[in-house]
1. Would you call V351 part of a loop (DSSP other than H, G, I, E, B), surrounded by 15 or more Cβ atoms within 10 Å (Cβ to Cβ) and hydrophobic (A, V, I, L, M, F, W, C)?
2. Pairs, please: C-beta under 8 Å, at least 6 apart or cross-chain, first residue on the phi > 0 side of the Ramachandran plot and part of a helix (DSSP H, G or I) and in the range 302-325, second modelled with pLDDT under 95 and crowded, with 24+ Cβ neighbours inside 10 Å?
3. Taking the options L31, L38, name whichever one is at pLDDT 90 or above and either closer than 30 Å to P395 by Cα or touching a Leu at 6+ places or on another chain (Cβ under 9 Å) (or both).
4. Please find, within the range 272-300, the residue that is nearest to the chain's Cα centre (by Cα) out of those that are exposed (fewer than 11 other Cβ atoms within 10 Å of the Cβ) and assigned to a helix (DSSP H, G or I).
5. Would you mind stating whether F441 is among the hydrophobic types (A, V, I, L, M, F, W, C), crowded, with 21+ Cβ neighbours inside 10 Å, part of a loop (DSSP other than H, G, I, E, B) and touching a helix residue (DSSP H, G or I) at 6+ places or on another chain (Cβ under 9 Å)?
6. Go through the residues of the range 284-298 one by one and say whether even a single one is touching a strand residue (DSSP E or B) at 6+ places or on another chain (Cβ under 8 Å), farther than 25 Å from D457 by Cβ and at pLDDT below 90.
7. Within the range 172-184, is there a residue that is touching a helix residue (DSSP H, G or I) at 6+ places or on another chain (Cβ under 8 Å), modelled with pLDDT of 95 or more and surrounded by fewer than 16 Cβ atoms within 10 Å (Cβ to Cβ)?
8. Quick one: D215 ticks every box in (1) under 30 Å from Q474 (Cβ atoms); (2) modelled with pLDDT under 90; (3) not hydrophobic (A, V, I, L, M, F, W, C) bar one, so which box is it?
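The values are calculated or read from the model by the stated rules, or taken from the named source; none is laboratory data. Nothing here was measured: the structure is a model prediction, and the numbers come from that model. Cβ coordinates were reconstructed from backbone atoms using ideal geometry, including for glycine residues, and neighbour counts include every protein chain displayed.
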Amino acid sequence: MAVSVATILYFLFMCLCLASFTLALCFIVHLHHKHKKLDHIPGPKRDGFFWGNVKGIQHLKDKHGYNGVQVLNLLAQEHGPVMVIWLFHLPIVYVTDADLAKKILITCNYPKDAWSYDKLAYIFGERFLGKGLVTETDHEKWKVKRLALNPAFHKHYLKGLMYQFNASCDEFLQRLTHLADGKTEVLLADEFNKITLDIIAKVAFGMDSEITEPDSLFPAALKECLYAPVWCLTHPFHVININSHAYQNSIIAAIQFLRDTGKKIIDDRRKAMKTGEDVPNDVLSYILKSMDEDSTEYEQLLDHFMTFFAAGLETTGALMSFLLAEIGKHPEVAKKLCQEVEHVLGPRQFVTYDDLSKLQYTNLVVKETLRLHPSIPSFTRLIDKDDELGGYPIPAETPVNVLSYTLHRSPRYWKDPEKFYPERFLEQEGHENGYVHCAYFPFSLGPRQCIGQNFVDIESKVLLSRFIKSFKFQLIPGQDFGYEDPKSTLAAKDRIRCLLTLQ
């Protein structure tokens, strides 16, 4: 007896419905079990079984004009040093206690959470940061890479690159001089992003300044790619949304452009080294001398190229923006800075390596800015075995986020934590709320703290001292000094608008 096509289609449809129902039921049971495993941990009430805390977080953003990190800070103050937040079906345990930060980042040295960092490693299937130092989640593989690169970021090596730091700063100051008429509005955040890219290009890779020229596609492409992982979180159904394919393709094209730029720089340098030409004594030359030429090593080298630019743009550019914002709001700090820079440099513009240790107040101002505005406001790890945090059992495979932004502003560890007071780093030990080492870590803690912190230290002091020596500036009234959102790092919402005049 022949079976009709309609009967076959009906049977297939019923099978599909049954399979879908079974999968949905399994997911519901799995999520219910997941909720039960973490329901003993404090945290805001979920808005729904599937939504988690997403709606509540958005409500607080809208109500207070906060970004995501500020909302988490608000919730941590309400729920305590250990709390769980649900992003749809995904739980994250947030920690805001110095002892627990030490345990997670140093004592146990928990691995990075692949779910979080893979979103930067590959975007829409295209290799972006790949397996660079930031995104490598396998600790043993990371250790090999870190040991190979450590000497290139040691102070003794960077000491020989002071000319390049100053050369980039010369071009930066020359560009700003044309805007220093006391009338033209200058967006300091944008200007410092440009000089940050230029310094990385020159000091690390011996590149010319073409990537910071007005018609360069490099800065915009990099910024778009760094935003894409955040976009994915705010558009969880982008995989099946055909309307988002144009955006995804544009990001893929941007990544290909950035990595092709890196390939050209690396290939040109390799060719020059093979033919015995004079090459810059920079980070790229050091790395090339220590790496093989096989394809795996080549892709890793491109990963490092991308990582250095991405990390630099998102950290130093933001640091310098907030530095100038705080100095502009505190004229007494600006006065002390000017006096110190004049005392150390005198009539000179060039900043030597020996000058850096003499810029002691400058160092305090940089540290205080990083305390209030850490470029990377949190660090995510994965609890890879059953553990306990603050008296709460934490099951294995739970992501945990150490919220440095909150620790940096906690009255448990800081006197007058919301006050911009650089001298606190000299006086902190005498305070009732003594400064605890693990309550301040703008570059993370433990083995995986940022390899580039010496680079940032030199860069920020050269830029700040020479900027202060060259210009007077006035912040434009009425601007919003809050943070951009959504964004994974802290960045100035209104770009730090000011007017410049020559000293």
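1. Criteria met by V351.
2. none
3. Among L31, L38, only L38 is at pLDDT 90 or above and either closer than 30 Å to P395 by Cα or touching a Leu at 6+ places or on another chain (Cβ under 9 Å) (or both).
4. Per the stated criteria, the residue is T296.
5. yes
6. The answer is no, given that none of the residues of the range 284-298 is touching a strand residue (DSSP E or B) at 6+ places or on another chain (Cβ under 8 Å), farther than 25 Å from D457 by Cβ and at pLDDT below 90.
7. Yes, the conditions are met somewhere in the range 172-184.
8. Here D215 meets the rest and fails (1).
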